[in-house]
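Working notes for the structure below.
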Amino acid sequence: MNKWQDNKAWFMVIPVFLVVAVSAIIPLMTVVNYSLQDIFGPDQRVFVGLEWYKDALTDSRLHDALSRQLLFSSLVLLIEIPLGILIAMMMPKKGWSASLSLVLVALPLLIPWNVIGTIWIIFMRPDIGLLGAAINGMGIPFDHTAAPVSAWVTVMMMEVWHWTPLVVLLAYAGLQAIPEAYFQAARIDGASAWATFRYIQLPKMRGVLTIAILLRFMDSFLIYAEPFVLTGGGPGNSTTFLSIYLVKQAVGQFDLGPAAAFSIIYFLIVLLFCWLFYQALLKVGTGDKS
Amino acid sequence: MKFQKRTIGLIIYFVLLMLPIYWMLNMSLRTNADILSAFSFYPSAPTLDNYIKIFTDESWYSGYLNSFYYVSMNVMISLLTALPAAYAFSRYNFLGDKHLFFWLLTNRMAPPAVFLLPFFQLYSTFNLIDTHFAVALSHCLFNVPLAVWVLEGFMSGVPREIDEMAYIDGYSFPRFFLTIFMPLIRTGIGVTAFFCFMFSWVELLLARTLTTTAAKPIAAIMTRTVSASGLDWGLLAAAGVLTIVPGALVIWFVRNHLAKGFALGRV
C-alpha cells in the first residue's frame, strides 16, 4: 500500500530475525536430518531417504489421529470464535465492572497447562468432582475415563473453558477500538442490531479475529498437555490427538527417525492450513471494505 | 430490557468460568485425604497447610522465583526486539517483508515433542542448560512472532503523517520513536506484554527440558513433587492457585490498556 520503499528497514528486523532464527532454524534442520536416517545409537546411523515419510503417510493410526485432530480443531474454531465474540459484546465497556470482567476472563489463561488437566481430573470425577457429580446427579451416566463420548465432551469443555477467554480479550479490544461516531451514525440510519454487527463491528474486528483464528487453530492443532493429563489419549484411542500419538511414538517406542518424519509432516499440515486461513482472511478484508 | 439480558448472560458465563477455579481453591484448602474421601461444596475444615508447605519449602517457592525471572527476561527481550521490527513492517516495503512476516508466525506451528532433543543439544553446545537465560531465549521462539504481529497492528493504526511531521521538525529517529511514537502505542505495548507474560508463564515442555535444578520452573516442580508421593491433590491445587496470582496482578495493571486496547489498531 502506501508504505515507504526502503531496504534499510532490514536493519530494524535483524534483531528479531536473529533471536528467532537461533531457536528455529538449527533445531528444524536437525529434525529434518533425523527424519532421513535410521538411528540406532549416537554413532550408528543409516541413511534411509524418504522411507519414514512413506511409512508415516501410510500409517492408518496416524490417519485416525489426524481425522480426530481435524474434527477437534474445527469444533474449537466453530465454538470458541462465535462464543468469544458474543461474550466480548456483552462485556461492559467502562467502569469498575469492565476492569473486573477483564481480570476474571483472563484467569483461566494463567494456569499452567498440566495443572489445568489435573484440576479437571478431580473436577469431572463422578464422586468428588463438582461437574462430574452434577451431570451424574441429573441422571446422565458420565465418566470420561470409560466412555469415549464423555471423554470428548470433557476435553471440549475444558478446551472451551480454557481458551475462549483469549478470543474474548482480542475481540473485546477490537470492539473498544470502534469510534462512538459509527454507532451514532448507525442509530440515525435506524440500523438493526444485526446490521450494526454485520456492517460495523464485524468488519472492524477483522484484524483481531485474524490473529484469534490463526492462534486458536495452531494451538488447538498442537494441543498436548491438557488432554494428555486428563485422559491420556483414552479411553482406547478415542482422544489420542496428533501430538499425543506423536509422543507415544517418539518416547514410547524410542524411534527418533519415524517420529522426526512425523513431526515434519505435522508441521507442514499446520503451515498449510494457517497459510490458507491467512490468505482467505486477507481477501475477506479487501472485498469487504465498508 | 436488553441491558438486563446481556448482564444475565454475562453472569452465567462468569459463573461457569469460575467453577473450575473455585474447585481448585476449594481443594487447596483441604487435606488430600479429605478431598478424596467425600464430595463437599466448601471446605468443612479449612486448612492452610498446603500453602504453608509451599511458602516454607525452598524447592517449592524457588520454582516461582525461577519462573518469574525467565518470564520477565523473556518479556523484556520480546518487546525490545519486536518494537523496531514491528515499526519496520508497518512503515516500510522491503525485500521479502511479507514472507518474513508470515515466516515469523510459522515458528509457533511445529509440534514440540521431537524438537525438544535438538533444543537441548543446541543449548548444551552454548553451555546454557539450566540457566534462566536459556528458557527466556527459547520462549522467544513463540513470543517474539506474536509480539511483532500484535504491535504491527497497533502501529499501522497510527497515521504515517505523524512520523513525517516529526522528521520535518528535525527529530532523529530514536528521539521520535521514544518520545512521540511509543507513548502513542503504549496500549499496544501493554497488551503485548500481557500476552508474552501469559504464554511464557504457562509453557512447560521447553522450560522443563532446558532446566535441571537451578532454573526449574514452578509448573515442572509441580509435576515432579506430585509424582513422587502419589498425588497430593491439595498441594497441587494450592500451587495452582498461587500460579494465577502473578498473572492476575499483571492483568490488573494493564487492564485499562486492554480496555482501550488495540484502540488505534487496524489489527
Evaluate Rg over Rh across the stretch A:132-254, taking Cα atoms for both radii and Kirkwood's formula for Rh.
1.18
Counting other beta carbons within 10 Å of each Cβ, put B:GLU58, B:GLU152, A:GLU51 in order, fewest first.
B:GLU58, A:GLU51, B:GLU152
Seen from all sides and averaged, what is the projected area of the convex hull of the Cα atoms in the protein assembly as shown, in nm²?
28.4 nm²
Could you run the Debye sum over the Cα atoms of the stretch A:1-89, one equal point scatterer each and no solvent, and tell me log10 of I(q)/I(0) at q = 0.13, 0.21 Å⁻¹, two decimals?
-0.91, -0.99
Check every DSSP H run in chain B and write down those whose alpha carbon atoms cover 30 angstrom or more along the long axis and whose mean Kyte-Doolittle hydropathy is -1.0 or greater.
B:2-28, B:58-91, B:132-156, B:233-260
Pairs of alpha carbons in the stretch A:162-214 whose separation is greater than 13 Å (percent)
60 percent
Hydrodynamic radius of the stretch B:17-152 per Kirkwood, over alpha carbon pairs, in Å:
18.8 Å
Could you work out the mean count of beta carbons from other protein chains within 10 Å of each residue's beta carbon in B:10-23?
6
Counting each DSSP H run of 4 or more residues in the protein assembly as shown as -39500 (n - 2.57), what helix-only mean residue ellipticity at 222 nm follows after dividing by all residues, to the nearest 500 deg cm²/dmol?
-23500 deg cm²/dmol
How much net charge surrounds B:VAL202 when only other residues with a Cβ under 15 Å from its Cβ are counted (Lys, Arg +1; Asp, Glu -1)?
-2
Compare A:GLN249, A:GLN184, A:GLN279 in a GNM of chain A, Cα atoms joined below 10 Å, and give the one with the largest fluctuation.
A:GLN184
In terms of Cα to Cα distance under 20 Å, which lysines are near enough to B:LYS5, apart from those fewer than 8 places away along the same chain?
A:LYS93, A:LYS94
For q = 0.07, 0.08, 0.11, 0.17 Å⁻¹, what log10 I(q)/I(0) does the stretch A:53-287 give under the Debye formula with an equal point scatterer on each alpha carbon and no solvent?
-0.30, -0.38, -0.69, -1.25
The stretch A:6-162 - Rg and Dmax from Cα coordinates, angstrom
23.4, 68
Please work out the C-alpha center-to-center distance from the stretch A:150-191 to the stretch A:31-98 and express it in whole Å.
25 Å
Mean projected area (nm²) of the alpha-carbon convex hull when the stretch A:201-255 is viewed from all directions:
5.1 nm²
Normalised per residue, the volume of the convex hull around the Cα set of the stretch A:127-195 (Å³)
148 Å³
Ratio of Rg to Rh over the stretch B:1-93 (Cα coordinates, Kirkwood Rh, two decimals):
1.23
What is the sum of charges, Lys and Arg at +1 and Asp and Glu at -1, for the other residues whose Cβ falls under 13 Å from the Cβ of A:VAL76?
-2
Short to long, in 5 Å steps from zero, the percent of alpha-carbon pairs of the stretch B:159-205 per bin is 5, 20, 20, 15, 11, 10, 9, 7, 4, 1, 0
Cα-only Rg/Rh for the stretch B:57-260 with Kirkwood Rh rounds to 1.04
Most fluctuating of A:PRO203, A:PRO15, A:PRO235 in the GNM of chain A (C-alpha, under 10 Å) is A:PRO15
Quick one: what Rg and Dmax do you get for the stretch B:1-47 from the alpha carbons, in Å?
15.3, 48
Translational diffusion coefficient (Stokes-Einstein; Kirkwood radius from C-alpha pairs) of the stretch B:151-252 at 37 °C, 0.692 mPa s, in µm²/s
191 µm²/s
Please report, in whole Å³, the volume per residue of the convex hull around the C-alpha atoms of the stretch B:68-133.
126 Å³
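Each value in this text was obtained by applying a stated rule to the coordinates, not by laboratory testing. Just so it is clear, the structure is predicted and the values come from calculations on it, not from any experiment. All Cβ positions, glycine included, derive from the backbone under ideal geometry; neighbour counts span all protein chains shown.
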